[in-house]
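Q: Please see the structure below; I have some questions.
The values are calculated or read from the model by the stated rules, or taken from the named source; none is laboratory data. Keep in mind the model is a prediction, meaning the values are calculated, not measured. Here the Cβ is made from the backbone with ideal geometry for all residues, glycine too, and neighbour counts use every protein chain on show. Each accessible area value is taken on the protein alone, full model and side chains, heavy atoms only, with ligands, DNA and RNA left out. Shrake-Rupley method; radii C 1.70, N 1.55, O 1.52, S 1.80 Å.
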Amino acid sequence: MSGHLARSVSILAATDTPLGIVASTPQIKGYTERELLTQAALEAMEYAHVTGQDIDAFNIGQSGPNVYSSVKSAGPQYSDWLGMHLKPSLFHDEACASAGFGLNEAVMQVASGAYDMVLTGAVQINSTVPEKSGYPPQFRRNLSPEELFSTVLMATDPAYEKPGTGGFGPVEAILVRYVKQYGLSYDDVDEMFVNYLMTQREVALKNAKAPLVTQSYEDEAAQFGFSSVRDYLFSNKFNPLMGTLLRGRFVGQLTDGASAIIVAATDIAKRYVEHPIEVAGFSQATALNHTFMNVPDPGDAKMFKEAYAMAGITDPGKEVDWAGIHDCPASMVAPVAEAAGYIPEGQAWKYMRDGLVGPHGPRPINTDGGRTQTGHPDSPADAVEVAECVSQMRGEAGERQIADPPRTGIVWGGGSGFNLCLAVLRSL
């Protein structure tokens, strides 16, 4: 990487649909991928005071489109829905990191001077798949657990990697390595996760885009006859182990949804919105699954070094005010926060345990509730955190709002493969 952009690029708008299940969640019930993405895009366009004809190009990310949607090269299928007839499109798949890669690509498209304004979106229906290839997209059937995990393992190269290195294998390995590296006990791990999940549940209840979250953990535990949240969250019946330390509720429930981000050259963005958010730095990395098992991860070290250099950040512990970290599973929060220099080495698990990562703590992380609470929409996930960061910077996060809106935030994403991406956002 050259380490600089040819011109400054800023976010005009970043939004996402409510995250739920298209078969049952009222806000998105019966929606197809086209309708989900269009809802997010039109909301972003309305905020930015633009139409599809003002935008030069669009990107769309989707994980496993052949499996989940029975489509390929699907960009043209969205053009008329977005009011962008004849505009160029890029259709891409980086699994859960798709939206982050799409944002970085949009920034490069604008920074190059090729385009002045780009819309980058991501969409996913995880809960069901098309009834049959070639049928209209609203005819869908349930996806079995066996089919789901087989699609996850499609990101593993079967010729050169063991089956166990796909899916949750690498993220379980990272957690085990982190625990051994800092000498954590089982009780330490339990308290880290319980308190982190409780912090995230509290803010998710204040998030209108999280309709699946309806009650506190205290009420949920009591409903099933538990006197404490800790006992409930470490019950093998209600939160079964998925490995040595990783449990089901540490992983985000798969949900359906879409996201949209509009970026433009900063001087142009200022004509449309009062408060552009600059993408001050970014980076990305790719590697086979089995390399993604270190603390800190070499890919993360590379990305933070490159993105911070681009953004002119020399002391992230003082200069970064907010972090969005893809927490499916939640075990990624501690190693990534430390690799970022956002929390001192070996201390992130204590910050999670002590509730210091909430909106009112010194190191806020995922102040929308994150993937463990609001749900994991797969490809749009990173953009959901970008939208939260932008809202916090603009003072528009409502009950979740940090008292002093952050000036600099980071959004880290990871997707099967592995695909890693990072964006540094700065309030102008």
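Q: Which peptide among 295-301, 73-79 comes first, and what is the full order, when sorted by highest mean count of other Cβ atoms within 10 Å?
A: Details: 295-301: 19.6, 73-79: 15.6.
Ranked from most to least packed, the peptides come out as 295-301, 73-79.
Q: Here is a further query. If the cut-off is a Cα-Cα distance under 23 Å, which lysines reach residue 132, setting aside same-chain residues fewer than 8 apart in sequence?
A: 29, 72
Q: Considering only DSSP beta bridges where both residues belong to the chain, give the percentage that are antiparallel (nearest 5). Show your work: numbers first, answer last.
A: Details: 39 of 54 bridges.
In the chain, approximately 70 percent of DSSP beta bridges are antiparallel ones.
Q: Might you tell me the accessible area per residue for the chain, computed with a 1.4 Å probe and given in Å²?
A: Working: 16620 Å² over 428 residues.
Value for the chain: 39 Å² per residue.
Q: Right, something else. On a straight-distance basis, which aspartates and glutamates could pair with residue 305 in a cross-link, Cα separation under 15 angstrom, same-chain partners fewer than 8 positions away excluded?
A: 297, 315, 319, 338
Q: Could I ask something else about it? Please list the three semi-axes, largest first and in whole Å, of the ellipsoid equivalent to segment 293-348, using sqrt of 5 times the eigenvalues of its alpha carbon gyration tensor. Don't skip to the end; give the middle numbers.
A: Values: eigenvalues 64, 33, 21 Å².
Calculated on Cα positions only, the semi-axes equal 18, 13, 10 Å.
Q: Determine, for each peptide in 278-287, 113-122, the mean count of other beta carbons within 10 angstrom over its residues, then list the peptides with the highest first.
A: Values: 278-287: 22.2, 113-122: 24.0.
Packing order, densest peptide first, comes out as 113-122, 278-287.
Q: Output the Kirkwood hydrodynamic radius of segment 150-219, Cα pairs only, in Å rounded to one decimal.
A: Working: mean 1/r = 0.0660 Å⁻¹.
This gives a value of 15.2 Å.
Q: Convex hull over the alpha-carbon atoms of segment 240-291: what's its volume per residue in Å³? Before the final figure, lay out the partial values.
A: On the way: hull volume 9.7 nm³, N = 52.
With only Cα atoms used, segment 240-291 gives 187 Å³ per residue.
Q: Work through the residues other than residue 84 whose Cβ is under 12 Å from its Cβ and net out their charges, Lys, Arg +1 and Asp, Glu -1. Walk me through the numbers on the way to the answer.
A: Working: positive: 87; negative: 54, 56, 80.
Here the charged neighbours net out to -2.
Q: Roll a 1.4 angstrom probe over the protein heavy atoms and tell me the percent of accessible area of the chain that is carbon or sulfur.
A: On the way: 8750 of 16620 Å².
Exposed carbon and sulfur together represent 53 percent of the surface.
Q: Give me the three principal axis extents of segment 224-349 from the C-alpha atoms, as integers in angstrom, largest value leading.
A: 57, 32, 31
Q: Next up: Does segment 323-428 classify as rounded, prolate or oblate by the C-alpha gyration tensor (a ≥ b ≥ c root eigenvalues; a/c under 1.5 gives rounded; else a/b over b/c gives prolate, otherwise oblate)?
A: rounded
Q: Loop-only check: which GluC sites (Glu not before Pro) in segment 344-428 are DSSP coil with at most 16 other Cβ within 10 angstrom? Mind dumping the intermediate values first?
A: Working: sites: 345, 385, 388, 396, 399; in loops: 345, 396.
Answer in residue order: 345, 396.
Q: For the chain, modelled as a GNM with alpha-carbon contacts under 10 angstrom, which of 149, 418, 292 fluctuates the most?
A: The residue that fluctuates most here is 149.
Q: A further question on this structure: If you take the charge dipole of segment 87-147 about its Cα centre, with +1 on Lys and Arg Cβ and -1 on Asp and Glu Cβ, which of 121, 106, 96 is farthest toward its positive end?
A: Farthest towards the positive pole: 121.
Q: Continuing with the same structure: Which net charge results when you count Lys and Arg as +1 and Asp and Glu as -1 among the other residues whose beta-carbon is under 12 Å from that of residue 377? Provide the component values of the computation, followed by the final result.
A: On the way: positive: 209, 371; negative: 16, 33, 256, 378, 382, 385.
With Lys, Arg at +1 and Asp, Glu at -1, the neighbours total -4.
Q: Taking Cα centroids, how far is segment 333-403 from segment 77-126 in Å?
A: 25
Q: If we count every other residue with Cβ under 12 angstrom of residue 240's Cβ, Lys/Arg +1 and Asp/Glu -1, where does the sum land? Please list the in-between numbers first.
A: Details: positive: 237, 247, 249; negative: none.
Cβ neighbours under 12 Å give a net charge of +3.
Q: Let me spell out the model: positive unit charges on the Cβ of Lys and Arg, negative unit charges on the Cβ of Asp and Glu, origin at the Cα centre of segment 1-116. What dipole size does that give, in debye rounded to 20?
A: Working: 5 positive and 12 negative charges, 31 e Å.
Computed charge dipole of segment 1-116: roughly 140 debye.
Q: Using the Cα gyration tensor of segment 1-160, with a ≥ b ≥ c the square roots of its eigenvalues, what is the shape: rounded (a/c below 1.5), prolate (a/b larger than b/c) or oblate (neither)? Intermediate values should be presented prior to the final figure.
A: Values: a/c = 2.09, a/b = 1.40, b/c = 1.49.
Taking the square roots of the gyration eigenvalues as a ≥ b ≥ c, segment 1-160 is oblate.
Q: With charges set only on the Cβ (+1 for Lys and Arg, -1 for Asp and Glu), what does the dipole of the chain come to about its Cα centre, in debye to the nearest 20? Kindly include the intermediate steps, with their values, before the conclusion.
A: Working: 31 positive and 49 negative charges, 58 e Å.
That gives the chain a dipole magnitude of about 280 debye.
Q: In Å, what is the Rg of the alpha-carbon atoms in segment 1-91, and how long is Dmax?
A: Expressed in Å, the Cα Rg and Dmax of segment 1-91 come to 15.0, 48.
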